[in-house]
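Here's the structure, in structure tokens; my notes come after.
The values are calculated or read from the model by the stated rules, or taken from the named source; none is laboratory data. What you see is a predicted model; the values in this text were computed from it and never measured. Here the Cβ positions follow ideal geometry from the backbone for every residue, glycine too, while neighbour counts run over all protein chains shown. What goes into the accessible areas is simple: the full protein's heavy atoms, side chains included, and nothing from ligands, DNA or RNA. Shrake-Rupley method; radii C 1.70, N 1.55, O 1.52, S 1.80 Å.
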Amino acid sequence: MAALLASLALAAAPCLAALCGAEHLAGVPLTAAQMPTDRPVHILAVGDSHTAGDAITGALREALQARLGNGGRGLMPAGRPHAGVRLRGVSVTMSGSWSARGLFGSGAAEAWPPRGITGYTVSSRTPGAALALTADASFTAFGVCVAAVSDGPRLNLTLGTDTQELAFAGDGPQCRRIVPGSATDSARLELVAGEAIITGWWLERPSGVILSNLGVPGSQLQFLGRADDATIAAQFQALPADFVILAFGTNEGFAPFFDATRLESQIREQVARIRRLAGPVPILLLGPPDAASRNSALRNNVVGGAPAAEDCNRAIQATPGRLPVDGIDIPLWNDEGGTLAPDPVTLSGPMPRAVRRGLPLFNPPALAAASAVQRRVAADLGIAFWDWRARQGGACSAVRWMQTGLMGPDFIHYSPAGGAEVARLLLADLDAARVGGLH
């Protein structure tokens, strides 16, 4: 009976194209008339490498800022903690001795140093160690979040040509927002004394849209649970979110063993956590996009069984076009070695788009299973859901996207053009839902 009621509720959930539950996004400003006049609107996207790479979120940021104004670059991991983290709109340098810790990878399960919603922390005990950024657009406020300890830290902050000392005392997370005497496009933090444990920094402007892309390559939703509650709360308090996008599912879909019950539990836990720490913010859950694999170990990766893996050889175009690609600036994985390719990935000249027929090429079954769980649980929790895979074209559409230059040869990550197309599709569905009266 419970399963029947859940199915009926799901069938009744209002959907437009790939977007379901758009009424839960009521109040998210998408037009100038909806924008506040005294502050920027903050959209916070949290996810895996698709979010970290910023091809999609960066294109969405540019589209919304062109429509509604540039509110600043928003919250970012400090420094360059991982080669797969892309920061469109800013250039970042690190000097001196720094160590980085993320929510996924070596040492990720250790509680110290704490990490917040940015997914990364960088730390140093070396006086003179510095982090610096230059933004494409000027900003009028700069913020920094640290894990304060008994011996500080003390930091010199230079905004433009003005320098001041920031002294942190006590234990626990602290965020400071500093307004320079005039707008500037540069910031520099230098450790004077103590231990610097920096959990994030951000840039603001007086009005417009901020879109913060906070992604950890390789991560699953469960790894967000490793983030420290107090640090997340301090970050949300310093730069409140008006809209949260959760974009996970690809790495769940590529896991050797996918457990639907476990994913449901994780979605419920993390949505409840965000609501507890950020308040009643509208939430949009993105299902995983289509992706393909040749790893035979993933052909039956759903615990308890699932329909056979979709054969994607049928989707291969016999004479693919060859499009000039000046640079694919994405976190491209080498599947065999499990390592990131050089940063950035640059391919000059025509990029080969041929795909060898006959070799196993398929959708891991867990991709569809993960999307189904997300859609059902989103409807139950009262949050919106976007079926990214369906909007992309459904099963095996990753092959077509790769052959037309929109995805990389790993059939997982996106080129800049592909990221822009995903952003266009998502924004079009949000706009259509608004015009259609769903929110």
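Determine the relative contact order of the range 13-149: mean sequence separation of Cα pairs under 8 Å and six or more apart, normalised by residue count, in whole percent.
Details: 135 pairs, mean separation 28.1, N = 137.
Relative CO of the range 13-149 lands at 21 percent.
Could you tell me the largest-minus-smallest coordinate of the C-alpha atoms of the chain on each of the three principal axes, in descending order and whole angstroms?
62, 48, 40
Identify which of ALA233, ALA369, ALA32 has the largest mean-square fluctuation in a Gaussian network model of the chain, with springs joining Cα atoms closer than 10 Å.
Result: ALA32 has the largest fluctuation of those listed.
Taking the Cα centroid of the range 39-112 and of the range 267-308, what is the distance between the two, rounded to the nearest whole Å?
21 Å
Report, in degrees rounded to the nearest 10, the 0 to 90 angle that the Cα long axis of helix 416-435 makes with the longest principal axis of the chain.
It works out to around 80 degrees.
Using +1 at the C-beta of Lys and Arg and -1 at the C-beta of Asp and Glu, which of ALA141, ALA366, GLN235 has the Cα lying farthest in the positive direction of the dipole of the chain?
ALA366
Using heavy-atom solvent-accessible surface (probe 1.4 Å) with all chains present, what is the largest-first order of TRP386, TRP98?
Sorted descending by solvent-accessible area, the residues read TRP98, TRP386.
Ranked from the most accessible area to the least, with a 1.4 Å probe and all protein chains present, what is the order of ASP429, ASP151?
The most accessible residue leads, giving ASP151, ASP429.
Explain nothing, just compute: Karplus ³J(HN,Hα) = 6.51 cos²θ - 1.76 cosθ + 1.60, θ = phi - 60°, for every residue of the range 205-219 in order, whole Hz, x for Gly and Pro.
So the J values, rounded to whole Hz, are 10, x, 8, x, 10, 10, 10, 8, 9, 10, x, 10, x, x, 7.
Check which residues have an amide H placed less than 5 Å from GLY218's amide H, if you skip close sequence neighbours.
Placed amide hydrogens put SER49 under 5 Å from GLY218.
Using a 1.4 angstrom probe with every protein chain in place, what is the largest-first accessible-area order of ARG61, ARG424?
Ranking ARG61, ARG424 by accessible area, largest first, yields ARG424, ARG61.
Taking the Cα centre as origin and putting +1 on Lys and Arg beta-carbons and -1 on Asp and Glu beta-carbons, what dipole magnitude results for the chain, to the nearest 20 debye?
560 debye
Starting from the amide H of ALA141, placed 1.01 Å from N in the peptide plane, find each other amide H under 5 Å away whose residue is 5 or more places distant or on another chain.
Counting only residues 5 or more places away or on other chains, the set is GLU204.
Relative contact order for the chain using alpha-carbon pairs under 8 Å, separation at least 6, rounded to a whole percent?
22 percent
Taking the Cα atoms only, what angle lies between the long axis of helix 2-12 and the longest principal axis of the chain, rounded to 10 degrees?
Around 80 degrees separate the two axes.
Whose amide H sits under 5 Å from the amide H of GLY208, counting only residues 5 or more places off or on another chain, with H placed in the peptide plane?
Those lying under 5 Å, H to H, from GLY208 are VAL41.
In whole percent, what relative contact order does the range 168-260 give with Cα contacts below 8 Å and a gap of six or more residues?
45 percent
Using only the alpha-carbon atoms, how far is helix 229-238 inclined from the longest principal axis of the chain? Give it as 0 to 90 degrees, nearest 10.
The angle comes out at about 70 degrees.
Go through LEU157, THR121, GLY408 and say which Cα lies farthest out towards the positive end of the charge dipole of the chain; charges sit on Cβ, +1 for Lys and Arg, -1 for Asp and Glu.
Toward the positive end, the furthest listed residue is GLY408.
So, with a 1.4 angstrom probe, what is the percent of accessible area on the chain that is carbon and sulfur?
Carbon with sulfur: 54 percent of the solvent-accessible area.
Through the Karplus equation 6.51 cos²θ - 1.76 cosθ + 1.60, θ set to phi - 60°, convert the phi angles of the range 306-314 into ³J(HN,Hα) values in whole Hz; use x for Gly and Pro.
For the range 306-314, the Karplus-derived couplings read 7, x, 4, 4, 5, 7, 9, 4, 5 Hz, x marking Gly and Pro.
Residue by residue through the range 113-130, which ³J(HN,Hα) values in whole Hz follow from phi under the Karplus form 6.51 cos²θ - 1.76 cosθ + 1.60 (θ = phi - 60°), with glycine and proline marked x?
Ordered by residue, 3J(HN,Hα) equals x, x, 10, x, 6, 5, x, 9, 10, 10, 9, 7, 10, 9, x, x, 4, 9 Hz.
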